[in-house]
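Have a look at the structure below before the remarks.
The values are calculated or read from the model by the stated rules, or taken from the named source; none is laboratory data. Nothing here was measured: the structure is a model prediction, and the numbers come from that model. Cβ placement follows ideal geometry from the backbone for every residue including glycine, while neighbour counts extend to all protein chains displayed. We work out accessible area using only protein heavy atoms, side chains counted, and drop any ligands, DNA or RNA first. Shrake-Rupley method; radii C 1.70, N 1.55, O 1.52, S 1.80 Å.
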Amino acid sequence: MAKRKLAQRKAAATKRAQDKDKDKTNVSENHQEEEEDKHEDGNKSREEQVDDKKQQEKNKEEGEQPSKAPKRARKRSKPDTEPEFFEDKRNLEDLWKEVFPVGTEWDQLHLVYQYNWNFTNLENAFEEGGELYGKKVYLFGCTEPQMVPFKDEMKITHVPVVVAVVSPFPPSDKIGINSVQREAEEIVPMKIMKMDWVPYIPLENRGSMVERLKSEIFILRCTQRRSALRHLKEDRVKKFEYCLPYFYNPLHEDELEQSTIVQILFPIEPKPVFCEFDWEFDEVEEFTDKLIEEEELPADQKEEFKIFLKEKVREAKKANREAREARKKAKEEMSAEKKAAFENMRFYKFYPVASPDTPDVSGVKAPFINRYYGKAHQVF
């Protein structure tokens with residue numbers, strides 16, 4: 001029994017010694033592998049070492065054995081593509097868009113710009129040999145609703161028009177406000193309607209300081225923001241739609257100074273009376289009776305209407321007389337230089353050039369600008 005126990009103790013001691021020798025061998029092998037890994041890591045790039053470390057950490061989290069980092073895929077160069085070519089913008093290409101279309105209704109403005117209108121005739125006028133080359137020019141815009149053909153169909157179109165005024169000084173700093181619905185015409189400073197003459201900067205000079213440019217092109221600009229219209233009273237908004245660029249030439253008598261016609265707006269309910277009275281050809285009593293006969297004026301308003309009519313005629317005659325006196329005085333006080341400038345002032349009216357993408361406006365061109373400017377010297 002004692003011999004058997006002694007044999008068991010010797011066997012256990014022998015096994016412990018063998019396990020100890022085996023552990024030493026494993027440690028030595030692991031150390032050798034670490035040294036080899038370090039040597040291998042030393043030959044890797046820093047970027048590859050970082051990637052290996054990340055991969056080992058990921059494997060550790062997932063309970064997997066570290067593995068060698070996968071080989072990096074070689075970046076392939078992008079295939080050569082044909083370069084895109086864009087047509088260079090013309091130097092004055094956006095000139096017509098920068099000019100404010102005076103008198104156009106706010107909710108109709110988008111209809112003006114729905115077409116890419118071609119105003120190369122205006123641009124060419126500033127080139128050498130053109131009507132506006134080397135001259136100081138003031139530009140304002142307007143729109144003319146016209147029935148014109150487009151793609152085999154007749155449709156009402158807001159045709160944009162640009163008027164060029166050749167002058168050494170601004171043709172006016174005022175705006176006329178008038179409409180059939182308004183009782184009287186107003187002539188107010190442009191700035192009240194947030195309008196002014198500002199220099200136009202051609203595209204090639206947009207990066208330059210405005211002060212260093214000797215601009216010869218000035219445009220009528222409006223700074224009223226459309227988004228702020230909802231905060232304005234309706235009458236104020238409507239005033240913009242009734243605006244007309246104003247012009248006063250002391251050397252030429254205005255048609256209104258010679259006119260004997262009075263616009264009458266008699267405010268009664270339920271329907272006001274709109275009419276024109278010519279004091280040279282119409283007689284008050286006969287004119288009033290005709291309105292009653294046509295049921296435009298109630299019979300019980302006859303006397304009140306006659307008083308109102310006579311007062312409007314007196315006001316019109318007084319206004320004509322004062323205008324003639326003011327013109328005479330301005331003409332007498334005008335310098336020879338300014339008088340020559342008014343005499344040499346020229347108006348040019350530009351319509352869009354025909355193109356496949358826009359309506360044809362060639363049949364609606366007209367020299368008339370407005371009641372203040374009269375007719376253009378030349379239409380393009």
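Could you say which residue among Glu311, Glu280 is open to solvent by 90 Å² or more (accessible area, probe 1.4 Å) and more than 39 Å from the chain's Cα centre (by Cα)? Full working, then the answer.
Values: Glu311 fails: open to solvent by 90 Å² or more (accessible area, probe 1.4 Å).
From the options Glu311, Glu280, the qualifying one is Glu280.
Determine whether Lys191 is within 15 Å of Val102 (Cβ to Cβ), touching a helix residue (DSSP H, G or I) at 6+ places or on another chain (Cβ under 7 Å) and either open to solvent by 10 Å² or more (accessible area, probe 1.4 Å) or of a type in the set (A, V, I, L, M) (or both). Please lay out each step first, then the result.
Values: within 15 Å of Val102 (Cβ to Cβ): yes; touching a helix residue (DSSP H, G or I) at 6+ places or on another chain (Cβ under 7 Å): no; either open to solvent by 10 Å² or more (accessible area, probe 1.4 Å) or of a type in the set (A, V, I, L, M) (or both): yes.
For Lys191, the condition - within 15 Å of Val102 (Cβ to Cβ), touching a helix residue (DSSP H, G or I) at 6+ places or on another chain (Cβ under 7 Å) and either open to solvent by 10 Å² or more (accessible area, probe 1.4 Å) or of a type in the set (A, V, I, L, M) (or both) - is not met.
Can you confirm whether Lys233 is under 30 Å from Cys275 (Cβ atoms) and either open to solvent by 100 Å² or more (accessible area, probe 1.4 Å) or at pLDDT 75 or above (or both)?
Details: under 30 Å from Cys275 (Cβ atoms): yes; either open to solvent by 100 Å² or more (accessible area, probe 1.4 Å) or at pLDDT 75 or above (or both): yes.
Judged against the criteria, Lys233 is a match.
I'd like to verify a number: residues in region 339-371 that are closer than 19 Å to Val99 by Cα and touching a Ser or Thr at 6+ places or on another chain (Cβ under 9 Å), how many?
4
Where residues in region 129-183 are open to solvent by 20 Å² or more (accessible area, probe 1.4 Å) and among the aliphatic types (A, V, I, L, M), which of them is farthest from Leu265 (Cα to Cα)?
We begin by selecting, within region 129-183, every residue open to solvent by 20 Å² or more (accessible area, probe 1.4 Å); these are 129-131, 133-136, 142-147, 149-156, 158, 166, 168-170, 173-174, 178-183.
Narrowing further to those that are among the aliphatic types (A, V, I, L, M): 147, 154, 156, 166, 180.
Working: Met147: 30, Met154: 36, Ile156: 30, Val166: 38, Val180: 9 Å.
Per the stated criteria, the residue is Val166.
Where in region 143-204 are there strands (runs of 3 or more DSSP E), lying fully within it, with 3 or more residues that are under 22 Å from Leu95 (Cα atoms), not polar (S, T, N, Q) and not assigned by the TED database to the domain that holds Phe274? Walk me through it before giving the result.
Details: elements: 154-166, 174-177, 186-189, 195-199.
Qualifying strands (runs of 3 or more DSSP E): 154-166, 195-199.
Any idea how many residues of region 143-163 are in contact with an Asp or Glu (Cβ under 8 Å, 6 or more places away or on another chain) and not aromatic (Phe, Trp, Tyr)?
First, pick out the residues of region 143-163 that are in contact with an Asp or Glu (Cβ under 8 Å, 6 or more places away or on another chain): 148-150, 158-159, 161.
Going one step further and asking which of them are not aromatic (Phe, Trp, Tyr), we end up with 148-149, 158-159, 161.
Result for region 143-163: 5.
Sort through Gly363, Gly374 and tell me the only one that's out of contact with any Leu (no Cβ under 8 Å at 6 or more places or on another chain), surrounded by 15 or more Cβ atoms within 10 Å (Cβ to Cβ) and among the small types (Gly, Ala, Ser). Break it down into steps so the answer makes sense when it comes.
Details: Gly363 fails: surrounded by 15 or more Cβ atoms within 10 Å (Cβ to Cβ).
So the residue among Gly363, Gly374 that is out of contact with any Leu (no Cβ under 8 Å at 6 or more places or on another chain), surrounded by 15 or more Cβ atoms within 10 Å (Cβ to Cβ) and among the small types (Gly, Ala, Ser) is Gly374.
Quick one: which residue in Val210, Val159 is at pLDDT 90 or above and closer than 26 Å to Glu131 by Cα? Don't jump to the end; show me each part of the working.
Values: Val210 fails: at pLDDT 90 or above.
That would be Val159, the only listed residue that is at pLDDT 90 or above and closer than 26 Å to Glu131 by Cα.
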